[in-house]
1. Net charge near Val26, counting Lys/Arg +1 and Asp/Glu -1 over other residues with Cβ under 12 Å of its Cβ?
2. Between Met38, Met174, Met71, where does the largest GNM mean-square fluctuation fall for the chain, given springs only between Cα atoms within less than 10 Å?
3. Within the chain, what percent of beta bridges assigned by DSSP are antiparallel, to the nearest 5?
4. Compute the normalised compactness of the stretch 132-203: alpha-carbon radius of gyration over 2.2 N^0.38 Å, N being the residue count.
5. Okay, helix-only estimate at 222 nm for the chain: each DSSP H run of n ≥ 4 adds -39500 (n - 2.57), divide by all residues, round to 500 deg cm²/dmol; what do you get?
6. Give the residues of the stretch 2-32 whose amide nitrogen is closer than 19 Å to a point set 7 Å from the Cα of Glu40 in the direction of its Cβ.
7. Can you give the Rg/Rh ratio of the stretch 83-203, where Rg is from the C-alpha atoms and Rh is the Kirkwood radius?
8. Taking a quarter of the surface of the Cα convex hull of the chain, what do you get in nm²?
Amino acid sequence: MALLDIVQTGDPILRERARDVDPADVRSGKYEKLVADMIETMRKAPGVGLAAPQIGVGLRIIVVEDDEGRMSKVSEAERTERRRAPFPLLVVHNPTLELHDRSFVSTSDDRDVFFEGCLSVDGFAALVPRARSVRVRGLDAVGEPLDFEVSGWAARIFQHEVDHVDGKLYLDRMLTRSFGTSELVAKRYAGLSIAEVRALLDT
Ligand code: ZN
């Protein structure tokens, strides 16, 4: 396995629609090393998800994982507010999502708004509205079909990662006035609810 460099915003590969993978290639294990490297890179970062374009590969492959270690700095109140719970490692080839609300940027009540960061926009964070639950379809690590619903924080992770294979970044969806360095965001809004942060920012 190898630890790979994470591509940063500005690189054109993050703005292109990644190519579908051939299901026969998934079953043959063609992408086994690539996926193993993606998992290792995600864990080392650490991140809760990684898409192939983020390591410079224009293929529709994502890996997702959330666990107690990654959320150790998140308070109990924040976990409840974000509906964040451990999510086991999952590899998805050719992921597609079905959202309850497909509008591009919306602050309506049917969406959750929370701070989000990205390994390809290193050192920054912003409030991003996301659908509360999504249906995920695709092929798993060995090419078997996947079809399941997720909600809460996991739904946000999947929307973020599938955006990557569509050439989108959270920057395209964020509430722009909330954009800041991760350090300042953590310091300035510590202990505040999202409603309080939004009132403060007038957004
Ligand atoms: Zn990202």
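1. Spelling it out: positives minus negatives among the neighbours equals -3.
2. Checking each option, the largest mean-square fluctuation is seen for Met71.
3. 95
4. 1.44
5. So the helix-based figure for the chain works out to -7500 deg cm²/dmol.
6. Residues 2-7, 29-32 qualify, since their backbone N sits under 19 Å from the label point.
7. For the stretch 83-203, the value is 0.98.
8. Across all orientations, the chain yields a mean hull projection of 10.6 nm².
The values are calculated or read from the model by the stated rules, or taken from the named source; none is laboratory data. All values reported here derive from a predicted model rather than from experimental measurement. Every residue, glycine among them, receives a Cβ derived from its backbone with ideal geometry; neighbour counts consider all protein chains shown. SASA here: full protein model, heavy atoms, side chains in, ligands and nucleic acids out. Shrake-Rupley method; radii C 1.70, N 1.55, O 1.52, S 1.80 Å.
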